[in-house]
Amino acid sequence: MIIAVDFDGTIVEHEYPRIGREIPFAIETLKKLQKEFHTLILWTVREGKLLEDAVKYCESKGLIFHAANKNYPEEDVSTAARKLNADLFIDDRNLGGIPDWGVIYQMIKEGKDYNPNVINDYESPQRTKKNFFIRLGEAMDKAQGKRY
């Protein structure tokens with residue numbers, strides 16, 4: 001499987017343009033996926049020196065991507081299509097956010113979809129988070145004086 005992975009907020013905490021602290025188990029999980037013959041592509045808004053810094057950070061942790069912001073290493077980004085040819089995108093900006101890396105690994109390994117509103121084999125009830133729209137609705141209700 002070809003997996004495109006975001007950097008800021010997915011592998012490391014958001015500190016853009018600086019590199020934030022590593023998100024627990026992100027790099028270990030990605031390295032494990034590589035050992036299982038998945039192809040990883042770094043897919044980030046970072047360009048130039050900032051992209052080089054992200055690639056070097058990952059390399060210093062033993063994570064080497066197949067390519068960064070392109071489908072294959074030799075591709076000329078100035079003439080290539082902007083859209084990656086990936087089977088899966090891992091990004092914290094997904095609708096509903098990003099599950100933890102243990103959940104991500106199990107989903108890929110078992111080929112299952114993630115539904116944050118359903119308690120499943122991956123998460124216990126105390127770890128299930130309300131999605132953005134539920135939290136937004138509750139905040140709007142509170143602002144209007146409604147109680148739960």
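The values are calculated or read from the model by the stated rules, or taken from the named source; none is laboratory data. Nothing here was measured: the structure is a model prediction, and the numbers come from that model. Here Cβ is always computed from backbone atoms with ideal geometry, including for glycine, and neighbour counts include all displayed protein chains. Only protein heavy atoms, including side chains, enter the accessible area calculation; ligands, DNA and RNA are left aside. Shrake-Rupley method; radii C 1.70, N 1.55, O 1.52, S 1.80 Å.
Scan the range 63-70 and tell me whether some residue there is touching a strand residue (DSSP E or B) at 6+ places or on another chain (Cβ under 9 Å), within 12 Å of Ala4 (Cα to Cα), open to solvent by less than 80 Å² (accessible area, probe 1.4 Å) and of a type in the set (Gly, Ala, Ser). Within the range 63-70, one or more residues are touching a strand residue (DSSP E or B) at 6+ places or on another chain (Cβ under 9 Å), within 12 Å of Ala4 (Cα to Cα), open to solvent by less than 80 Å² (accessible area, probe 1.4 Å) and of a type in the set (Gly, Ala, Ser).
Applying the selection to the range 25-55, what residues are open to solvent by 70 Å² or more (accessible area, probe 1.4 Å) and either touching a helix residue (DSSP H, G or I) at 6+ places or on another chain (Cβ under 7 Å) or not in a loop (DSSP other than H, G, I, E, B) (or both)? Steps first, answer last, please.
Step one: list which residues in the range 25-55 are open to solvent by 70 Å² or more (accessible area, probe 1.4 Å), which gives 25, 28, 32, 35, 37, 45, 47, 49, 52.
Once the filter is applied, which keeps residues that are open to solvent by 70 Å² or more (accessible area, probe 1.4 Å) and either touching a helix residue (DSSP H, G or I) at 6+ places or on another chain (Cβ under 7 Å) or not in a loop (DSSP other than H, G, I, E, B) (or both), the range 25-55 yields Phe25, Glu28, Lys32, Lys35, Lys49, Glu52.
Just one residue in the set Ile27, Ile41 is under 17 Å from the mean Cα position of the chain (by Cα), of a type in the set (Val, Ile, Thr) and closer than 19 Å to Asp87 by Cβ; that residue is Ile41. Please go through the range 15-24 and pick out each residue that is in a loop (DSSP other than H, G, I, E, B) and open to solvent by 20 Å² or more (accessible area, probe 1.4 Å). Scanning the range 15-24 gives Glu15, Tyr16, Pro17, Arg18, Ile19, Arg21, Ile23, Pro24.
Taken as a whole, the structure leaves Glu59 outside the set of residues that are open to solvent by less than 30 Å² (accessible area, probe 1.4 Å) and either farther than 13 Å from Ala4 by Cα or outside any loop (DSSP other than H, G, I, E, B) (or both).
Could you list, in sequence order, all residues of the range 21-43 that are acidic (Asp, Glu) and over 17 Å from Val103 (Cβ atoms)?
Within the range 21-43, the first condition is being acidic (Asp, Glu), and the residues that meet it are 22, 28, 36.
If the condition is that a residue be acidic (Asp, Glu) and over 17 Å from Val103 (Cβ atoms), then Glu22 is the only one that fits.
For the range 91-101, filtering for residues that are open to solvent by 100 Å² or more (accessible area, probe 1.4 Å) and closer than 21 Å to Phe65 by Cα leaves 1.
Among the residues of the range 71-90, those that are in a loop (DSSP other than H, G, I, E, B), open to solvent by 50 Å² or more (accessible area, probe 1.4 Å) and not aliphatic (A, V, I, L, M) comprise Tyr72, Pro73, Glu74, Asp76, Ser78, Thr79, Arg82, Lys83, Asn85, Asp87. The numbered conditions (1) under 12 Å from the mean Cα position of the chain (by Cα); (2) under 27 Å from Leu136 (Cβ atoms); (3) open to solvent by 20 Å² or more (accessible area, probe 1.4 Å) are all true for Val12 except (3).
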